[in-house]
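> The structure's right below; bear with me while I get my questions together.
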Amino acid sequence: MTDLIQKDLTYNWHPYTQMSVQQANPPLLIEKASGIKLYDVSGQWYYDTISSWWCNIHGHLHPRIVNAIKQQLNTLDHTLFAGITHKTAIELSERLISITPDGLQRVFYSDNGSTAVEVALKMSLQYWRNSDRPEKTKFISFDRAYHGDMVGCMSVSGESDFTSAFTSLMFTGYKVPSPYCYRCPIGQKKDECAIECVSLLEDVLREHADAIAAIILEPLILCAGGMLIYPASYLAEAARLSKKYHVHLILDEVAVGFGRTGTMFACEQAGVCPDFLCLSKGLTGGILPLAATLTTQDIFNAFLGPQGSEKTFYHGHTFTANPIGCSAALASLDIFAEEGTLSNVQEISCELRKSIDMFKDHPLIGDIRTIGTVAAFELVKNKKTKELLPGHDNVIRKIYLKGLENNVMLRPMGNVIYLFLPLVTTLEELKDILLKTKKSMA
Ligand SMILES: Cc1ncc(COP(=O)(O)O)c(C=O)c1O
């Protein structure tokens, strides 16, 4: 064990990690990154198959983003964003508004995915208060959702290891069964479904809409819930219901925004414009922490009043609209515009759909799901009964370790092994990743 790892074990506390077992399973010491590869100190390399926690989209150290950051550091590093503004934030907002669905006209910046969601929840709640509907305080969310680790985010997420220690802090709301097509909540078959499960959402709205501020959803993929991919028609119907019952629609595109599912934003595939769109992760190309919550002019207007008005949105963060983050985000959008990123995603997506069949005879793979640059394999004990293979099963740990030996970073989520590939992955790299993944699961 190197001195540095020894120091890591002495000083650091890692996220989502049982630190008592770190001594036996020390973290990888990564020293450099290039393209879609990470290199550790021993010289071993790994495909960054999960895009460094779902954020790296253009590969590591993309020169355009690196240069933009360097340029920005010649002029303005950071300033507060109340009573002060700056060119990079103004330009970024204009660009974001031009590429997101038409109704979104205002941008509120924060630091990460969780804050983007908290901002949307608070804005929705206060909108109703400012509009003389203070009784609309509840949120509807999926029972397997994951929206982040802050208290509001946890409250609208599903029950899980992430939330169980904190339930005393969380507020209550309405949870509807997730559109988990492999284990359909209403027993439909995947190929014969007409998204009847959306009726479960309407049941809650019919009964409680007067008390509901918003529906919050992860569009097309419930990511941390196990990469559950569901049809765009569900999303379109949820949007229709949100209008019918006068509740906001919050779309959390923190993980799927910026090309992940094949379109710039997942909601485009359902032709939906939400009342709030939450963005982070890929916003800066996955290089710097930055988040944005976009909303409509109508919602913005409900917060207007005289100086000191209680209608004001009293929320902010020290690093709101940090200029370096904004400059990285602008460079990332330039890459999308000029380097054919989305057409590369289409190619990857096509190849993934074609090649994924090579996994179908694996004795433990019960379901294979794919969209955009995402592929997920749900492991089961028994393919017929779909009995779960416990998430902490040795088999899963072995797949992770074999993945490392085979140069692929397969960080399992419960009983799901998945690929969440950088959007710049080439077809040759994809083929190699699939072969290495298969070998690691053999
Ligand atoms: C859909 C979704 N929302 C919110 C978050 C929280 O983002 P962050 O980890 O940046 O706080 C995540 C993180 O994975 C996510 O997947």
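The values are calculated or read from the model by the stated rules, or taken from the named source; none is laboratory data. Model, not experiment: these values are computed from the prediction. With ideal geometry, Cβ positions are generated from the backbone for all residues, glycine too; neighbour counts draw on all protein chains shown.
> Going by the structure shown, is V66 farther than 17 Å from L404 by Cα and among the hydrophobic types (A, V, I, L, M, F, W, C)?
yes
> Considering only residues that are part of a strand (DSSP E or B) and of a type outside the set (F, W, Y), look in segment 271-286 and name the one that is farthest from the ligand (Cβ to nearest atom).
L277
> L388 versus (1) touching a Ser or Thr at 6+ places or on another chain (Cβ under 7 Å); (2) more than 28 Å from Q269 (Cα to Cα): which is the lone unmet condition?
All conditions pass for L388, except number (1).
> Condition check: within 12 Å of the ligand (Cβ to nearest atom) and closer than 22 Å to F300 by Cα. Does E118 satisfy that? First the steps, then the outcome.
Working: within 12 Å of the ligand (Cβ to nearest atom): yes; closer than 22 Å to F300 by Cα: yes.
Considered against the rule, which asks whether it is within 12 Å of the ligand (Cβ to nearest atom) and closer than 22 Å to F300 by Cα, E118 comes out as yes.
> If a residue must be of a type in the set (D, E, K, R) and assigned to a loop (DSSP other than H, G, I, E, B), how many such residues does segment 1-50 contain? Write out each step before concluding.
Our first condition is that a residue be of a type in the set (D, E, K, R); within segment 1-50, this holds for 3, 7-8, 31-32, 37, 40, 48.
Subsequent filtering for residues that are assigned to a loop (DSSP other than H, G, I, E, B) retains 48.
The qualifying residues number 1.
> Right, here's the next one. In this structure, is S343 of a type in the set (S, T, N, Q), modelled with pLDDT of 95 or more and exposed (fewer than 14 other Cβ atoms within 10 Å of the Cβ)?
For S343, the condition - of a type in the set (S, T, N, Q), modelled with pLDDT of 95 or more and exposed (fewer than 14 other Cβ atoms within 10 Å of the Cβ) - is met.
> Are any of the residues in segment 182-191 small (G, A, S) and out of contact with any Leu (no Cβ under 7 Å at 6 or more places or on another chain)? Walk me through it before giving the result.
Residues of segment 182-191 small (G, A, S): 187.
Still in the list and also out of contact with any Leu (no Cβ under 7 Å at 6 or more places or on another chain): 187.
Taking every residue of segment 182-191 in turn, at least one turns out to be small (G, A, S) and out of contact with any Leu (no Cβ under 7 Å at 6 or more places or on another chain).
> (1) free of Cβ contacts under 8 Å to residues at least 60 places away in the same chain; (2) more than 12 Å from the ligand (Cβ to nearest atom); (3) assigned to a strand (DSSP E or B): which one isn't true of Y234, the others all being true?
Condition (3) is where Y234 drops out.
> Looking at segment 414-442, I want the residues that are over 21 Å from I335 (Cα atoms) and have a partner that is among the charged types (D, E, K, R) and assigned to a loop (DSSP other than H, G, I, E, B) with Cβ atoms under 8 Å, at least 6 apart or on another chain. Which pairs are those?
If the second residue must be among the charged types (D, E, K, R) and assigned to a loop (DSSP other than H, G, I, E, B), the pairs left are N415/D393.
> When you scan segment 287-326, how many residues do you find that are assigned to a loop (DSSP other than H, G, I, E, B), among the aromatic types (F, W, Y) and more than 16 Å from the ligand (Cβ to nearest atom)?
In the first step, residues of segment 287-326 are kept if they are assigned to a loop (DSSP other than H, G, I, E, B); the result is 287-290, 302-322.
Next, from what is left, pick out any that are among the aromatic types (F, W, Y): 303, 313-314, 319.
Then drop every residue that is not more than 16 Å from the ligand (Cβ to nearest atom), which leaves 303, 313-314.
Adding up the residues that qualify gives 3.
> Could you run through segment 166-182 and say how many residues are surrounded by fewer than 16 Cβ atoms within 10 Å (Cβ to Cβ) and out of contact with any helix residue (DSSP H, G or I) (no Cβ under 9 Å at 6 or more places or on another chain)?
Residues that pass the stated criteria total 1.
> Of all residues in segment 248-270 being within 11 Å of the ligand (Cβ to nearest atom) and under 13 Å from S280 (Cα atoms), which is nearest to the chain's Cα centre (by Cα)?
Here the answer is A255.
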